[in-house]
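Here the structure is laid out as structure tokens; the discussion comes afterwards.
The values are calculated or read from the model by the stated rules, or taken from the named source; none is laboratory data. Source: prediction; values computed, not measured. Positions of Cβ are backbone-derived with ideal geometry, glycine not excepted, and every protein chain shown enters the neighbour counts.
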Amino acid sequence: MDLYKGWKAGPPHPQFELSMPSDISEISPFVDEFIERMKGYTCFHGDGSDIEVALREAIANAVVHGNHEDRTKHVHLSFRCEPSGELFFIVRDEGEGFNPEKVPDPLAPENIFAEHGRGILMMRTYMDGVHYEHGGREVHMRKKPSAKPEP
């Protein structure tokens with residue numbers, strides 16, 4: 001399956017959309033391949049670990065909470081790299097959506113040992129901007145370019 005049929009490698013500022021079935025076992029290979037392609041074809045500079053963590057969380061939330069692991073539904077990832085070096089990501093599910101304001105604070109004492117609830121916090125920690133649209137079915141994330149090291 002060619003996940004990258006929507007890839008527009010118009011160097012050095014590509015944009016593309018791709019999707020995967022709502023299956024937990026598909027997340028790691030999907031994100032791994034995406035990160036390698038992003039590093040190779042974009043204006044991105046850095047190791048990508050922050051982006052990788054945020055994308056894994058956003059996609060896992062879409063698979064588990066959005067699409068309820070229904071393999072007939074897909075998770076869609078859109079990516080854009082601006083000439084400034086700023087990166088934009090949209091993860092969209094085909095579920096009913098949710099209200100992010102109603103998600104319990106994972107740092108509250110009563111939630112410290114909860115099994116769920118840290119994904120949104122992690123996305124907000126590792127990305128420079130995170131917001132939701134379309135009733136919570138889309139998470140929009142932004143990563144500013146890191147300062148280039150002095151030669």
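Brief remarks on what is shown
- Scanning region 125-142 for residues that are more than 11 Å from the chain's Cα centre (by Cα) and of a type in the set (D, E, K, R) returns Asp128, Glu133, Arg137.
- Scanning region 91-107 for residues that are closer than 24 Å to Lys143 by Cα and modelled with pLDDT of 95 or more yields Val91, Arg92, Asp93.
- Restricting region 6-26 to residues that are closer than 25 Å to Val64 by Cα and part of a loop (DSSP other than H, G, I, E, B) leaves a set whose member that is modelled with the lowest pLDDT is Gly6.
- The conditions of being within 20 Å of Ser25 (Cβ to Cβ), at pLDDT below 95 and either among the β-branched types (Val, Ile, Thr) or buried (at least 16 other Cβ atoms within 10 Å of the Cβ) (or both) are not met by His74.
- Restricting region 112-145 to residues that are at pLDDT 75 or above and small (Gly, Ala, Ser), the residue that is farthest from His65 (Cα to Cα): Gly129
- Failed item in (1) surrounded by 17 or more Cβ atoms within 10 Å (Cβ to Cβ); (2) closer than 22 Å to Glu33 by Cβ; (3) of a type in the set (A, V, I, L, M, F, W, C); (4) modelled with pLDDT under 95, with Phe88 passing the rest: (1)
- Within region 27-65, the set of residues being surrounded by 17 or more Cβ atoms within 10 Å (Cβ to Cβ), at pLDDT 85 or above and out of contact with any helix residue (DSSP H, G or I) (no Cβ under 8 Å at 6 or more places or on another chain) comprises Ala62, His65.
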